Amino acid sequence: MKSYLITIVIISSTLVLFPMLILNQLNTYERQISKEQCMGGPECQGAQPIPSASVGNRKVEVELKLYSNSTIPNVHYLWLRFFDANTNQTIRHVSFFLNITKNNVSLLHDMFHTHTGILTIQVNSINTQFNGTILGIQEPYLNAWTPRDNSSTVVAYAPIFNDANSTYSLKLTMYAIDSDNNIFSDERIAPKFNFDLSLNQQNQIVSSQNMEIPEFPFAIPILFVGITALILLFKIEFKTNI
């Protein structure tokens, strides 16, 4: 009797949880960019919908290089290039959110934009009251920081790359591509990249491919566990009856 009650509980839990997880994933996939994600852009204020960006047949990758100023201490340069690996062609007009952490603590997180597809972030890694300050201009769609005038450099103040013995994690999500207002309608379909970087990797170009994200990362494992447990319980009950 006890095993039958356990079986009923597992079946009921599986039947309830699985549809909920599917619906949650579908809602996530269908939702538009939230106010926090669009960083105060006009689409958060009832403006006309912006067309969803598309990668198409391109294989989007990011090249990244870190180097330091040899004459000025605690000044480092983070160089990024977005390109199609199939043609090696630089992808222009890219907006991206960059989060740099150390030991799971975020030290720099903001939205940036490059009109040319190449951007240099000058990092002043001095731990002062200016931490989190970005010097540049903000484009009108996502309020992403972009260089002033014809410069290719944005200046940031953050306590990063100041510890030669530490590894910094860089997580990058693209929000727009090909045009300043050509924005991905959902973060789930936006290309994402992860880097691990230290000062020992200076002047080396590191490349990262677009990370693929499964549509339903939790629903399938839960269903599998439920079915497996159900089969095992039936086997136990069958042996007990024999």
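For THR116, the amide hydrogen comes within under 5 Å of the amide hydrogens of HIS93, counting only partners 5 or more places away or on other chains and with H modelled in the peptide plane. Computed from backbone phi, the HN-Hα couplings of the range 102-107 come to 9, 6, 6, 10, 6, 10 Hz, rounded to whole numbers (Karplus: 6.51 cos²θ - 1.76 cosθ + 1.60, θ = phi - 60°; Gly and Pro given as x).
Summarising the label geometry, the points placed 7 Å from Cα in the beta-carbon direction at ARG92 and ASN127 lie 4.3 nm from one another.
Run the dipole for the range 46-144 about the Cα centre, Lys and Arg Cβ at +1, Asp and Glu Cβ at -1, nothing else charged, and hand back the magnitude in debye, nearest 20.
Approximately 140 debye in magnitude.
At an R0 of 25 angstrom, the distance between the Cβ atoms of VAL206 and THR71 translates into a FRET efficiency of 0.50.
Taken together, the values in this text are just the output of simple stated rules run on the coordinates, not laboratory data. Every value quoted in this text rests on a predicted model; they were computed, and no experiment measured them. We place every Cβ from the backbone using ideal geometry, glycine too, and count neighbours over all the protein chains shown.
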